[in-house]
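Enquirer: Here you go, one structure.
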Amino acid sequence: MTTPATTTSPTTGTTPSRGTRSVFLGGPFKALVDADGTMDTEARTRIEAVIDRLEKEGYEVHNAHRRESWGAKFLTPDECTRLDYDEISASTVFVAFPGSPASPGTHIEIGWASALRKPIVLLLEEDQDYAFLVRGLHTVADVTYLTVGDTESLVTQVIDTVNRLAERADRTERAARADIA
């Protein structure tokens, strides 16, 4: 597993911490921001609801949308690439809206999460078309697919799934430490 670089987060001023239950929440971004730097209200509301509930559950949530002020303060490509990679590396669970049409940045993040062997939760809109490699990712990675409904039920599904995956990750980590000892 890759150790996070010493890069600090512009919002928290700290490097992602290991040992803390954390979630990286990804999804389409640039395509949802207008020329005035304002993100689509429906998408922002949905993402904020998931973040708020995860934080109430005690998770540290990494999210580029919030970090970059919902499109008002985009970071440079070098900054956001390194931060996203480091935060995904440090996260317990990776959750994302892949986007339809596909979000190129989110698909790269999904690839990183898969390569880093993170449990992945993909949030798919009903009756939307997704890339074959997204739909078939469960054959090579630990993927849970959730169908996006109304925001309240989505948040409940995400919390239930993330809690289950984080508990499993905790058990796996404890077992690995016991094997070493």
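The values are calculated or read from the model by the stated rules, or taken from the named source; none is laboratory data. Here the structure is a predicted model, which means the values were calculated and not measured. As a convention, Cβ positions derive from the backbone with ideal geometry for all residues, glycine included, and neighbour counts pool all protein chains shown. Just so you know, the surface numbers come from the protein's heavy atoms only, side chains and all, with ligands and any DNA or RNA stripped out. Shrake-Rupley method; radii C 1.70, N 1.55, O 1.52, S 1.80 Å.
Enquirer: Tell me the strands (runs of 3 or more DSSP E) entirely within the stretch 13-119 that contain at least 2 residues that are without any contact (Cβ under 8 Å) to a residue 40 or more places away in the chain and of a type in the set (D, E, K, R).
Expert: none
Enquirer: Report, by residue number, each residue of the stretch 124-160 that is open to solvent by less than 40 Å² (accessible area, probe 1.4 Å), outside any strand (DSSP E or B) and free of Cβ contacts under 8 Å to residues at least 60 places away in the same chain.
Expert: Passing the criteria: 130, 134, 136, 137, 141, 149.
Condition check ((1) surrounded by 17 or more Cβ atoms within 10 Å (Cβ to Cβ); (2) farther than 20 Å from residue 140 by Cα) across all residues:
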| position | (1), (2) |
| --- | --- |
| 38 | no, yes |
| 63 | yes, yes |
| 67 | yes, yes |
| 109 | yes, no |
| 115 | no, no |
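Enquirer: For residue 148, only one of the following conditions fails: (1) more than 22 Å from residue 46 (Cα to Cα); (2) of a type outside the set (Asp, Glu); (3) touching a helix residue (DSSP H, G or I) at 6+ places or on another chain (Cβ under 7 Å). What is its number?
Expert: Here residue 148 meets the rest and fails (1).
Enquirer: Tell me which residues, restricted to the stretch 117-141, are in contact with a strand residue (DSSP E or B) (Cβ under 8 Å, 6 or more places away or on another chain) and either within 17 Å of residue 169 (Cβ to Cβ) or among the β-branched types (Val, Ile, Thr) (or both).
Expert: If the condition is that a residue be in contact with a strand residue (DSSP E or B) (Cβ under 8 Å, 6 or more places away or on another chain) and either within 17 Å of residue 169 (Cβ to Cβ) or among the β-branched types (Val, Ile, Thr) (or both), then 118, 119, 120, 121, 134, 141 are the ones that fit.
Enquirer: Hey, any hits in the stretch 82-95 for a residue that's open to solvent by 40 Å² or more (accessible area, probe 1.4 Å) and either at pLDDT below 95 or not basic (Lys, Arg) (or both)?
Expert: Yes, the stretch 82-95 has at least one match.
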